[in-house]
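The values are calculated or read from the model by the stated rules, or taken from the named source; none is laboratory data. None of these values were measured; they are calculated from a predicted model. Reconstructed Cβ throughout: ideal geometry from the backbone, glycine too, with neighbour counts over all protein chains shown.
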Amino acid sequence: MALTDNILTSWSLDSTTADATGNGHTLTNSGSTPFGAGHFGNCAQFNGSSTYFDIPSSVSAALDNGTAVSISCWFKGSNGQSMVRIQPAAPTYILLGWNNSGTRVCIISSDGGTGSPVTIGGSFEDGSYHMVTMTWEKNTTNGFKVYVDGSVTNQRNSGNVNLPTFGSGVNSAVGRYGGGGEYTTGDIDEINIWTRALSGAEVLQLYSSGPYPFSGGTPNPQDQVDHTRIISNMLWGVSA
């Protein structure tokens, strides 16, 4: 399959909140979030206290009661909670980045919720750019995976359950809990969401490629150095 297959939305955040796929899932910059130099072009910069984007309800509607999902973004900062929160009501959610007593995790309300998180790990909050990806597929051995920079950091079996049937009440968000609080501190670039679980090979391909439609691209200068070094180390089996 191509990386563009079953992609729901792609937010480049290159000084825009538009959905690059043409599916129309445009973010709303409700928190006056600024843009600045990112990993590819520009990115969104979150201050940990007031900046965020609202995610349109069409995204949770497309994932409602589904059997698979993947969410990925590039992050550079010190607090990766709430990077992407599909959470239009408090009891129902898919979270890329939740603060579990100081540890950042991924959680899905219908598959264990806060009681069965998958830790992100990988030292992704070290102030350098890292690509963080979660994939989930129903009733699969190691079907709930988290990757940092194209490598699996943690995984567990997924439950024989569907994704949440979402309620309503607040907006899903990038950079905070939609009802307020739990803000992200750092830069976010290139958010992509799929209605299928990417394979490990596809996650590595995504890490090695440029922005949507994933046809190649060059990171900003210092990030290019770090990006090239990490890929080289992965190919040669060296710790980054």
Legend entry - Candidates G22, G48, G66, filtered to the one that is under 19 Å from I188 (Cβ atoms) and modelled with pLDDT of 95 or more: G48
Inset, instruction - Looking only at segment 76-86, decide whether some residue is crowded, with 19+ Cβ neighbours inside 10 Å, touching a His at 6+ places or on another chain (Cβ under 9 Å) and charged (D, E, K, R). - result: yes
Inset, instruction - Select from segment 67-91 the residues that are in a loop (DSSP other than H, G, I, E, B) and under 20 Å from F46 (Cβ atoms) and list them in ascending order. - result: G80, Q81, S82, M83
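Regarding T4, is this residue surrounded by fewer than 22 Cβ atoms within 10 Å (Cβ to Cβ) and in contact (Cβ under 8 Å) with a residue 24 or more places away in the chain? Quick ask: steps written out before the conclusion?
Working: surrounded by fewer than 22 Cβ atoms within 10 Å (Cβ to Cβ): yes; in contact (Cβ under 8 Å) with a residue 24 or more places away in the chain: yes.
Taking the combined requirement at face value, the residue satisfies it.
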Inset, instruction - Count, please, the residues in segment 64-103 that happen to be under 17 Å from G169 (Cβ atoms), of a type outside the set (F, W, Y) and in contact with a Pro (Cβ under 8 Å, 6 or more places away or on another chain). - result: 3
Inset, instruction - May I ask you to verify whether G143 is surrounded by fewer than 24 Cβ atoms within 10 Å (Cβ to Cβ), out of contact with any helix residue (DSSP H, G or I) (no Cβ under 7 Å at 6 or more places or on another chain) and closer than 19 Å to D189 by Cβ? - result: no
Inset, instruction - Being under 30 Å from N142 (Cα atoms) and either without any contact (Cβ under 8 Å) to a residue 24 or more places away in the chain or surrounded by 23 or more Cβ atoms within 10 Å (Cβ to Cβ) (or both) is the filter here, so list the residues in segment 40-62 that pass it. - result: I55, S60
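Select from segment 101-121 the residues that are of a type outside the set (K, R), under 15 Å from the mean Cα position of the chain (by Cα) and buried (at least 20 other Cβ atoms within 10 Å of the Cβ) and list them in ascending order. Lay out the reasoning, then the answer.
So in segment 101-121, the residues of a type outside the set (K, R) come out as 101-103, 105-121.
When the remaining residues are screened for being under 15 Å from the mean Cα position of the chain (by Cα), the result is 105-108, 118-121.
Matches in segment 101-121: V105, C106, I107, I108, V118, I120.
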Legend entry - Complete set of residues in segment 117-173 that are under 19 Å from N192 (Cα atoms), part of a loop (DSSP other than H, G, I, E, B) and charged (D, E, K, R): D149
Legend entry - Scan of segment 183-195 for residues that are in a loop (DSSP other than H, G, I, E, B) and either at pLDDT below 95 or buried (at least 19 other Cβ atoms within 10 Å of the Cβ) (or both), ordered by number: Y183, T184
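Among the residues of segment 212-240, count how many are of a type outside the set (F, W, Y) and modelled with pLDDT of 95 or more. Give the steps one after another, and end with the answer.
First, the residues of segment 212-240 that are of a type outside the set (F, W, Y): 213, 215-235, 237-240.
After this cut, where a residue has to be modelled with pLDDT of 95 or more as well, the list is 213.
The total comes to 1.
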